[in-house]
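Here's the structure we're looking at; comments come further down.
The values are calculated or read from the model by the stated rules, or taken from the named source; none is laboratory data. Predicted model only: the values in this text are computed from it and were never measured. Don't worry about glycine lacking a Cβ; one is built from the backbone with ideal geometry, like all the others, and counts go over all protein chains shown.
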Amino acid sequence: MTDYRYLIVGGGMVADAAARGVRELDADGSIGVVSEDVDRPYARPALSKKLWTDPDFSWDEKVDLHTEETGATFVLGTRVTAIDRAAKTVTTTEGETHGYERLLLATGGKPRGLPGLEESDRVVDFRSADDYRRVRALTDAGAHLAVVGGSYIGTEIAAGTVQNGATVTLVSPDEVLGASMFPEQLARAFQQRFTDHGVELRLGRRVESGTQTDSGVTLTLDDGSTIEADAVVVGLGIEPATQLAADAGLTVRDGIVVTSTLQTDDESVFAAGDVAEYPDRILGTRRVEHVDNAKEQGRQAGRNLADADETYDHTPMFYSNVFDAGYEAVGRVSTDLRTVEDWQDPTVTGVVYYLDEDDTVRGVLLWNVPGKTDEARKVLAEAHALTPDMLSGLIRP
């Protein structure tokens, strides 16, 4: 058995940030990282963003987070199957046992797949660096890719691959691409970028079934139509990996339930990142699947593993870059809410506010307005004192 003062289950960006957070307070305590991934922690957003658009964005300098700088020990390509909270140990698929004084669950999530299609060289449920490498090889070969999913990952992968020589068909349930997030005119302008770059759009459709052979993939959509492609890339989000925590008797709802200090029911066990359901000081109980949260919450979890006992009080942002458009957002961005638009240049530069039935701002979208997320957080924090007519000009490029 290998013992660690700090043991992290999961090898993503949370693990890197947590190890660095530990080192801010404890220079010598042993850190172990057990991960299903075959790579050390890396900057996951690059897999669907910069690696497709910036030829100088190298893996070693820009993507690998170099977590080894913390002195952590890595156990890669293996999965933790059980936690013994009484003995303070975990067991892995390899039959190894690791002891801990403090445990961080950073298990993230598993990508949602398509019915009847198991992962293969031609079916990629996009999530990991290995997935990126498979899609990059297909793209470099000029493959026809069917990309399923019209949210962040699907749209970024469709944009990245078509700009690098792939033929792309994008399937989304939205009648207008992005319509679940963006006001109508903005969604139409967003969609036009894909059309202009040669992406075939199959909108208002879902994949009902699929089959694969050695030479390609066939998708059957819910209207009975089919798509024949060399491969399919699936970007339908994730299911949080909570089973390990649930089996250990920890409270699980939408994610692993933690306090404001990221502690679970067990004072020796913490959780952070995609898998953690936590109390946001502005927006209430939530679970966030974005990089800003992974980095900030991971760092705070690491500090608290090392006895800082500090509240996580950061309200995270999220962002996306597609073709020539970039946006950042804080809070809930959904057209289920009423929107108030404040454009400097319609659909090019401006701010969209998302209001609930009480006309309280619940989300802020910054369209080609970089560096204003702190101002967006302030709007959300002061939302109860704001009326819709006060929003115009509140945030300026």
Yes/no for G11 being assigned to a loop (DSSP other than H, G, I, E, B) and under 17 Å from A294 (Cα atoms): yes
If I filter the range 114-126 for residues that are buried (at least 21 other Cβ atoms within 10 Å of the Cβ), outside any strand (DSSP E or B) and within 16 Å of the chain's Cα centre (by Cα), do I get at least one hit? yes
Could you please find all residues in the range 163-188 being more than 21 Å from the chain's Cα centre (by Cα) and either within 22 Å of W52 (Cα to Cα) or β-branched (V, I, T) (or both)? Q163, N164, G165, A166, T167, V168, T169, V176
Could you please let me know if V379 is touching a strand residue (DSSP E or B) at 6+ places or on another chain (Cβ under 9 Å), of a type in the set (A, V, I, L, M, F, W, C) and not in a helix (DSSP H, G or I)? no
Which numbered condition A72 misses (of (1) touching a Phe, Trp or Tyr at 6+ places or on another chain (Cβ under 7 Å); (2) over 17 Å from L244 (Cβ atoms); (3) surrounded by 21 or more Cβ atoms within 10 Å (Cβ to Cβ)): (1)
Among the candidates E101, E118, E96, E61, single out the residue that is modelled with pLDDT under 95, over 30 Å from A329 (Cβ atoms) and of a type in the set (D, E, K, R). E118
Which condition number does D254 fail, the rest of (1) farther than 30 Å from E36 by Cβ; (2) not in a helix (DSSP H, G or I) being met? (1)
Residue count, the range 54-69 (criterion: surrounded by 15 or more Cβ atoms within 10 Å (Cβ to Cβ), in contact with a Pro (Cβ under 9 Å, 6 or more places away or on another chain) and free of Cβ contacts under 8 Å to residues at least 40 places away in the same chain): 1
